[in-house]
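Step one of this worksheet: look at the structure below.
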Amino acid sequence: MLLDEKIAILSGAARYDVSCSSSGSSRGAGCAGMGATSRAGICHSWADDGRCISLLKILLSNYCIYDCAYCINRRGNDVPRASFTTDEIVNLTIDFYRRNYIEGLFLSSAVQVSPDNTTERMINVARRLRNDEQFGGYIHLKIIPGTSPELIQRAGFYADRLSVNIELPSEKSLKTLAPDKNKQAILQPMRRIGREISENRALRRKQKRLPRFAPAGQSTQLIIGASPENDLHILRLASGLYERYALKRVYYSAYMPAVHDRLLPELSAPPLLREHRLYQADWLLRYYGFQADEILSEDMPDLAEAIDPKQAWAYRHPGFFPVDVNRADRETLLRVPGLGLTSVARIIASRRFGPLDLKQLDRIGVVLKRARPFIICRDYQPPKEPAVPVFAGQHKTPQAAPPQQLDFFDEPDMAIQRRS
Amino acid sequence: MAQLWEGSPPPDVIAAISRYSPDLFGQEQTIQSNSRTAADFLKTLEKAAHRTIRNRVMYAACCGTGGFEQSLCEYVVLLRDAGPEIDENFSHPAVAQVRRTARQVAGEAHRLKGLVRFRELSTGLLWAPLSPDHHVLPFVAGHFRRRMPAANWVLHDVKRNEAILWDGQRLLPAMPDESLQAACAINNDAALPLSPAEKQCSEYWRTFFKTIAVPGRTNPELQRSNMPRRYWTWLVEKQ
């Protein structure tokens, strides 16, 4: 088979993996080698679907022994199959890298013989790149559920980032749609990676020269809309992953009906808006100090499509507003719609020189259109009774429901894990 | 700007010669650029203020679209008189303008770190043509010096006919030869003196670029907003 055909098959099979980040790691090029990573990450192109291309995202092989209902590469699906040799991927990565097409390699694979067998072959590619080619660019390795701890440890010393895909937001859905995978096989490697990262960090404080283990951390991915879980469930799961496993990112992927299966919903279009709102809510969790249960509640378990989650929160809490931008602290400012991390930092820096007015806020970069109803500044106060748009079901007082655990984290073994 | 710092009164109007229209009653003064004075001035600035402020002035001064000169002068005078803290006052018009200009230039430099495409010429040299809005070549060159220290490469600003060459040890100003300039005007793979491996590799890249997009999510608007059309000229995947 021609290399060109292999590239078409195996990048086509890899495109449903969302992560493309090349950030969070800084590595320098040695004098003989090539490549470095940039802490902020660099996008090299944008594909026709508008998503950034930063890494050569490719599968080692799409021959699969598993039969996950949602996956285009499932055993039962009739698609063209191919596998790369180690040399092919290594050369392609180097050739693309020196032309500045890419920031590095994102390598995943279908499960060929066994999880360990497949992972071992992926590690081999990374080892060749690092040791033989002195490659200093970014490497993201996908860890297949069920991979043994020894292999995970080896992978982490070659890769900048590791990721294990959770795929479906609950154990039940996993059982129905991905019968070859199970919760334990997914969580165990995640736990292992998390532990390795924190142990490595602690050791490196004493021994600076120790090699780094997955310096850009670990991430995961969930499919949205292939199974019945609501947004509250998904956000609780995400915040659990951030808090307990110190994940760098949770990626959400709107379900694309790539294969037909009676177990899957028939969608006319992928739920792209829902995916977008989930990312917005995810940002609120990670950077804006929100809790999952503030964004949604049992009474209102799904994100509104019409407005973003931050605005929705603001409309539900009229008593919190208006906020005086010349006095409020950072946490309070971050809750105001139209103010982001940057504009909040700028407001705090600038108001030392005197109270700010609307014109100055505009210059600072505040989105006045959105912020105006919620703020007070030197020359502006919102009308007494702000016109609050009414969204169905959003004005009920949330009942004090007992905090619920996610079923993904519910098992006794997790409880033990948490105590240790 | 060095003169301003030394205490010269700020000018009423300042602009690049190409964009300047003389005023009937004004007094004119032409300022010659001088790399020695500029370097000294930047050093002074770094000492008196901060590294990030020096960088901000440097980026803003490399703006290629004009119209920023007045506020840059005002900003420098402000720094001198009010101290470096003034840089934190985002609500001051001159500070905001200089920051915006600097961000535009730095933004383009960052964007080009990703969008630069090196083509392997038949001589083995990696050659990257680009037509940036601003004078960003030096910033981009610094990035690739750290990244590809062992290779020989050249960044070629086709719009301004300038180039910077890395010979494995130093960054040098270079003059692209005329045949290459002519080939750039045509800009297709057949006209350019590319190596055989280069043609093969760019085909692989085009294939990858095409298949990595998810078919049901086509979104040309988002693609253009991240990667404006004016950069497509030199993008291998967009040819």
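Things worth noting here:
- Sites residue A:368 and residue B:210 - FRET efficiency at Förster radius 45 Å, r taken between beta-carbons, to 0.05: 0.60
- Annotation: amide H-H contacts under 5 Å for residue B:119 (H modelled 1.01 Å from N, sequence separation of 5 or more, or interchain): B:127, B:128.
- Backbone amide hydrogens, once placed in the peptide plane, bring residue A:57 within less than 5 Å of A:106, excluding anything fewer than 5 places away on its chain.
- DSSP-defined beta bridges in the protein assembly as shown - what % are antiparallel, rounded to 5: 35 percent
- Computed 3J(HN,Hα) for the stretch B:223-239, one whole-Hz value per residue from the Karplus formula 6.51 cos²θ - 1.76 cosθ + 1.60 where θ = phi - 60°, is 4, 5, 6, 7, 9, x, 3, 5, 8, 5, 3, 9, 7, 3, 6, 9, 9, glycine and proline marked x.
- Remark: mean inter-chain Cβ contacts per residue of A:90-103 equal 5, using a 10 Å Cβ-Cβ cutoff to other protein chain atoms.
- Rounded to whole Hz, the Karplus (6.51, -1.76, 1.60) HN-Hα couplings of the stretch A:42-48, x for glycine and proline: 9, 8, 9, 6, 10, 6, 5
- Of the GluC sites (Glu not before Pro) in the stretch A:208-274, the ones in a loop by DSSP (not H, G, I, E or B) with at most 11 other beta carbons within 10 Å are A:266.
- Net +/- balance of residues flanking residue A:49 in space, Cβ distance below 12 Å, scoring K and R +1, D and E -1: +2
- Top of A:246, A:238, A:214 by mean-square fluctuation, Gaussian network on chain A, Cα under 10 Å: A:246
- Beta bridges assigned by DSSP with both partners in chain B are antiparallel in approximately 70 percent of cases.
- Compared with the direct C-alpha span, the chain from residue A:185 to residue A:79 gains 35.5 nm at full extension, assuming 0.36 nm per residue.
- Translational D in µm²/s for the stretch A:39-115 (Stokes-Einstein at 10 °C, 1.306 mPa s, Kirkwood Rh from C-alpha pairs): 112 µm²/s
- Considering the stretch B:20-136 at the alpha-carbon level, its Rg and Dmax are found to be 17.5, 58 Å.
- Once divided by 2.2 N^0.38 Å, the Cα radius of gyration of the stretch B:107-239 becomes 1.08.
- Cα centroid separation, the stretch A:102-165 to the stretch B:152-190 (Å): 38 Å
- Applying the criteria of a DSSP loop state and at most 12 other Cβ atoms within 10 Å to the trypsin sites (Lys or Arg not before Pro) of the stretch A:207-314 yields A:208, A:209, A:262.
- Computed [θ] at 222 nm, deg cm²/dmol, chain B (DSSP H ≥ 4; -39,500 (n - 2.57); rounded to nearest 500): -14500 deg cm²/dmol
- Taking amide H as placed 1.01 Å from N in the peptide plane, residue A:138 has its amide H under 5 Å from the amide H of A:104, A:105, each at least 5 places away in sequence or on another chain.
- Note on chain A: semi-axes of the ellipsoid equivalent to its C-alpha gyration tensor, largest first and rounded to whole Å, are 40, 27, 21.
- In loop segments of the stretch B:167-239 as defined by DSSP, the trypsin sites (Lys or Arg not before Pro) with at most 13 further C-beta atoms inside 10 Å of their C-beta are B:170.
- Averaged over B:106-117, number of beta-carbon atoms from partner chains that fall within 10 Å: 4
- Average beta carbon contacts from partner chains per residue of B:143-153, 10 Å cutoff: 5
- Virtual spin-label span in nm between residue A:279 and residue A:114, 7 Å along Cα→Cβ: 3.9 nm
- Share, in percent, of DSSP beta bridges within the stretch B:116-238 that are antiparallel, nearest 5: 70 percent
- The helix-only estimate of mean residue ellipticity at 222 nm for chain A, built from DSSP H runs of length n ≥ 4 each weighted as -39500 (n - 2.57), is -11000 deg cm²/dmol after division by the residue total.
- Legend: distances between Cα atoms for A:57/B:238; B:159/B:238; A:6/A:248; pairs beyond 22 Å are A:6/A:248.
- Shown in residue order for the stretch A:378-384 are the 3J(HN,Hα) couplings computed by the Karplus curve 6.51 cos²θ - 1.76 cosθ + 1.60 at θ = phi - 60°: 4, 10, 8, 9, x, x, 3 Hz (x for Gly and Pro).
- To the nearest ten degrees, helix B:196-212 and the longest principal axis of the Cα atoms of chain B are 80 degrees apart.
Coordinate-derived values only; no laboratory data. Note that the structure is predicted; figures quoted are calculated from it, not measured. Glycine gets a Cβ as well: all are built from the backbone with ideal geometry, and neighbour counts include every protein chain shown.
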